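Reviewing the structure listed below.
Nothing in this text is a laboratory measurement; each read-out follows from the coordinates by a stated rule. No experiment lies behind these values; they were computed from the predicted model shown. Reconstructed Cβ throughout: ideal geometry from the backbone, glycine too, with neighbour counts over all protein chains shown.
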Amino acid sequence: MLISQIKQDLINYQKERRLEEVSSLRMLLSSIVMKEKDKRLKLSSLYSGEELELKSKLDDEEILEVVFSEAKKIKDAISEFEKAGRQDLKEKEEKELKTLQKYLPEEMGEEEIRGIIKEIIEKKGISDMKGIGIIMKEAIERTRGRAQGKKINEIARELLS
């Protein structure tokens, strides 16, 4: 399970005194716990006791969503620090991102994304920009975080123009 891998890596990094990685994984685990609490709150009206506890645990896919979300926040921060000329903070965020990328699936290549978008356009019969929302929604679902929304949007706009 992904959560046990993250926890084991945290222990190993602590033993090796790799403070930046420890900090990144603690932040990630904190986000995972918050997501579990949110899920538990939503399910509390349906279940109770041990059943609630079991149902509120995140599965690997939900944990991956948290990792994607945290990685996106870091990427946004890197972009902002770059604009502000804060190289020191940018480097710190890049190290955090590198730690989290260990748990993310490999990103798709442009041609693979292009193929998915072409397939969606043909399947849905989309011929103009009015259908960009439909394309984006389905493409994001099909790539499951293995492609950035910005890249999907660029390719979709290119294919529709």
### Query
Can you give the three extents of the C-alpha atoms in segment 59-161 along their principal axes, from longest to shortest, in whole Å?
47, 36, 20
### Query
What is the magnitude of the charge dipole of the chain about its Cα centre, with +1 placed on the Cβ of each Lys and Arg, -1 on the Cβ of each Asp and Glu, and no other charges, expressed in debye to the nearest 20?
320 debye
### Task
Starting from 0 in steps of 5 Å, tell me what percent of the Cα-Cα pairs of segment 2-101 lands in each bin.
2, 13, 19, 19, 16, 13, 9, 5, 3, 1, 0
## Note on the structure
The base-10 log of I(q)/I(0) that the Debye equation returns for segment 110-160 at q = 0.13, 0.22, 0.28, 0.29 Å⁻¹, one scatterer per C-alpha, is -0.22, -0.67, -1.13, -1.22
### Test item: Cα-centred dipole of segment 110-160, Lys/Arg +1 and Asp/Glu -1 on Cβ, debye
200 debye
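Counting other Cβ atoms within 10 Å of each Cβ, which trypsin sites (Lys or Arg not before Pro) in segment 26-73 have at most 15 and sit in a DSSP loop? Each step should come with its number before you reach the end.
Details: sites: Arg26, Lys35, Lys37, Lys39, Arg40, Lys42, Lys55, Lys57, Lys72, Lys73; in loops: Lys57.
Counting only loop positions with at most 15 other Cβ atoms within 10 Å, the trypsin sites (Lys or Arg not before Pro) in segment 26-73 are Lys57.
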### Message
Residues of segment 3-40 with the amide nitrogen closer than 19 Å to a label point 7 Å from the Cα of Glu53, along Cα-to-Cβ, please.
### Response
3-4, 33-40
### C-alpha center-to-center spacing [segment 7-53, segment 73-142] in angstrom
25 Å
### Under 25 Å from Lys123, Cα to Cα: lysines that are on another chain or at least 8 residues apart
Lys137, Lys150, Lys151
### Summary
Quick calc: nm separation of the 7 Å Cα→Cβ label points for Lys7 and Glu94 -> 3.4 nm
### Query
Roughly how many nanometres apart are two label points built 7 Å out from the Cα toward the Cβ at Gln148 and Glu82?
0.7 nm
### Summary
Counting only DSSP loop positions in segment 57-124, the chymotrypsin sites (Phe, Trp or Tyr not before Pro) whose Cβ has at most 13 other Cβ atoms within 10 Å are none
